[in-house]
Amino acid sequence: MLKTNLNLAAVILLSGFTFSALAADDPLFQSDESLALILELPPRNQLPPPQDKPTVAGLLRYTSNDGTDMVLDVAVSTRGNSRLELCSLPPLSINLKRKQVASTLFAEQNKLKIVTQCRKSAAYRRYLNQEFMVYKIHNILSEYSFRVRKLEITYRKSSGGEPDELHSAFVIESAERAAARLGMKTIKVDSVKASQLDTYQLSIYALFQFMIGNTDWSVRKGPANEECCHNGKVIAPPDSNNGWVILPYDFDQAGIINTRYATPSDLLPIKSVRQRLYRGFCSSNDQLDSTIAGFNDSRAAIEGFFDGGHDGPSPNKAALRYLRDFYEIVNDPKKRQKKVVDACQHTAN
């Protein structure tokens, strides 16, 4: 099993980061232990294609800490874009009933995103595990990040007569719960001005995306006819037009993972997701020294996530080399100037 528990402890000690919210909030994310669930759904041959994003009624079963078998009513739908088309088991969205989940492990939860193992192969298991670790890395670097928890889901057909299927997955904290934890609120807007964003958090955001080799994001707007932001959720202090923060998600296009299907946009000057491209704003350049110092302080903990693991040494060693290349860039004055400082985006607001 991945050394997640030990690594998380190392994260807190080595990075100097204190995740204060862990002590007093949603029980689902207070433990770093993998959670075993049974998801009971209609047979696939009775459902519309995943691309139609059908919503079906199901049951979510788990065993509480005191040994009680819990059964919750859920509404489940598929979600996503590229993975919705690609995956034999696409990402899921699960809606719970607030009154029913009170005093359970899922207290305060309403709608949760589940990242599934897309296909049945060792490569796709690695993709899942490494994307989970990327979320954990962001937790180290900023409390303005989505928490995640590993799952082992048994998929069961409600009609019976078919064998159960066990697959790994992880659940992502909802934007509403993340905002509440941080004393903020979610914002739904078509676009965001760079001047509205918290400069330091924006600097962490952009350098984090550069570190993992991800260009599949925007902090200014969403895809066509969708709210802001692309692969990010906007949260803000109450009654404020400034100090906004974008919480990033969906990292399967990142170079550190290097999935078989990952490709950069044709609009970008790179040919492979393994090529890093800094897309931060020049307005954050005066924050770079302190941001990089924070990344350096957390380096041992960050690299610890990829130091071995149950996927075997080779896949994680490739990710580790990719991380070390990042640290070589940001800690070499000439490389930092060329690949980060001079590569920043100018903006009028």
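If you go through the stretch 61-77 and keep only what is touching a residue at least 40 places away in the same chain (Cβ under 8 Å) and surrounded by 18 or more Cβ atoms within 10 Å (Cβ to Cβ), you end up with just 62. Condition check: surrounded by 21 or more Cβ atoms within 10 Å (Cβ to Cβ) and either touching a Ser or Thr at 6+ places or on another chain (Cβ under 8 Å) or not small (Gly, Ala, Ser) (or both). Does residue 167 satisfy that? No; evaluated as a whole, the condition is false for this residue. Looking for something assigned to a loop (DSSP other than H, G, I, E, B) and either over 19 Å from the mean Cα position of the chain (by Cα) or buried (at least 23 other Cβ atoms within 10 Å of the Cβ) (or both) - is there at least one such residue anywhere in the stretch 281-290? No: zero hits. The condition of being over 12 Å from the mean Cα position of the chain (by Cα), in a helix (DSSP H, G or I) and not assigned by TED's automatic domain parsing to the domain that holds residue 303 holds for only one of 124, 135, that being 124. Within the stretch 63-80, being within 22 Å of the chain's Cα centre (by Cα), assigned to a strand (DSSP E or B) and of a type outside the set (Gly, Ala, Ser) holds for 76, 78.
Can you confirm whether residue 149 is basic (Lys, Arg), over 13 Å from the mean Cα position of the chain (by Cα), surrounded by 16 or more Cβ atoms within 10 Å (Cβ to Cβ) and not in a loop (DSSP other than H, G, I, E, B)?
Spelling it out, it is not the case that residue 149 is basic (Lys, Arg), over 13 Å from the mean Cα position of the chain (by Cα), surrounded by 16 or more Cβ atoms within 10 Å (Cβ to Cβ) and not in a loop (DSSP other than H, G, I, E, B).
Scanning the stretch 224-269 for residues that are touching a residue at least 60 places away in the same chain (Cβ under 8 Å), in contact with a Lys or Arg (Cβ under 7 Å, 6 or more places away or on another chain) and among the charged types (D, E, K, R) gives a single hit, 252.
All conditions but one from (1) over 30 Å from residue 192 (Cβ atoms); (2) buried (at least 19 other Cβ atoms within 10 Å of the Cβ) apply to residue 302; the one that does not is (1).
Looking only at residues in the stretch 220-250 that are modelled with pLDDT of 95 or more and of a type in the set (A, V, I, L, M), which one is nearest to residue 128 (Cα to Cα)? Among them, the one singled out is 247. Remark: pairs (first residue in the stretch 128-156, farther than 23 Å from residue 202 by Cβ and touching a residue at least 24 places away in the same chain (Cβ under 8 Å); second residue among the aromatic types (Phe, Trp, Tyr) and assigned to a helix (DSSP H, G or I); Cβ separation under 7 Å; 6+ apart in sequence or on different chains) = 149/29; 150/132.
Name the single residue that is surrounded by the fewest Cβ atoms within 10 Å (Cβ to Cβ) among those in the stretch 221-252 being part of a loop (DSSP other than H, G, I, E, B) and under 15 Å from the mean Cα position of the chain (by Cα). Talk me through it step by step, then tell me what you get.
Filtering the stretch 221-252 down to residues part of a loop (DSSP other than H, G, I, E, B) leaves 222-231, 237-243, 249-252.
Applying the additional criterion that residues be under 15 Å from the mean Cα position of the chain (by Cα) yields 229-231, 249-252.
Working: 229: 21, 230: 17, 231: 20, 249: 20, 250: 21, 251: 27, 252: 23.
Selected residue: 230.
Contact map, the stretch 181-196: first residue at pLDDT 95 or above, second residue loosely packed, with under 14 Cβ neighbours inside 10 Å, Cβ cut-off under 7 Å, separation 6 or more or different chains; pairs are 185/238; 196/241; 196/242. Across the stretch 167-218, what is the total count of residues that are within 18 Å of residue 110 (Cβ to Cβ), of a type outside the set (D, E, K, R) and in a loop (DSSP other than H, G, I, E, B)? Residues flagged as within 18 Å of residue 110 (Cβ to Cβ), of a type outside the set (D, E, K, R) and in a loop (DSSP other than H, G, I, E, B) within the stretch 167-218 amount to 3. For the stretch 264-280, residues that are over 21 Å from the mean Cα position of the chain (by Cα) and aromatic (Phe, Trp, Tyr) total 0. Can you name the residue in the stretch 180-193 that is surrounded by fewer than 22 Cβ atoms within 10 Å (Cβ to Cβ) and of a type outside the set (D, E, K, R) and is also nearest to residue 28 (Cα to Cα) among such residues? Ranking the candidates gives 180 first.
When only residues in the stretch 81-107 that are within 20 Å of the chain's Cα centre (by Cα) and in a loop (DSSP other than H, G, I, E, B) count, which is farthest from residue 32 (Cα to Cα)?
By that ranking, first place goes to 81.
One residue stands out among those in the stretch 264-280 that are surrounded by 14 or more Cβ atoms within 10 Å (Cβ to Cβ) and of a type outside the set (Ser, Thr, Tyr): the one that is nearest to residue 318 (Cα to Cα), which is 274.
The values are calculated or read from the model by the stated rules, or taken from the named source; none is laboratory data. Computed from a prediction, not measured in an experiment: that's the story for all the values here. Methodologically, a virtual Cβ is constructed for each residue, glycine included, from the backbone with ideal geometry; neighbour enumeration extends over all protein chains shown.
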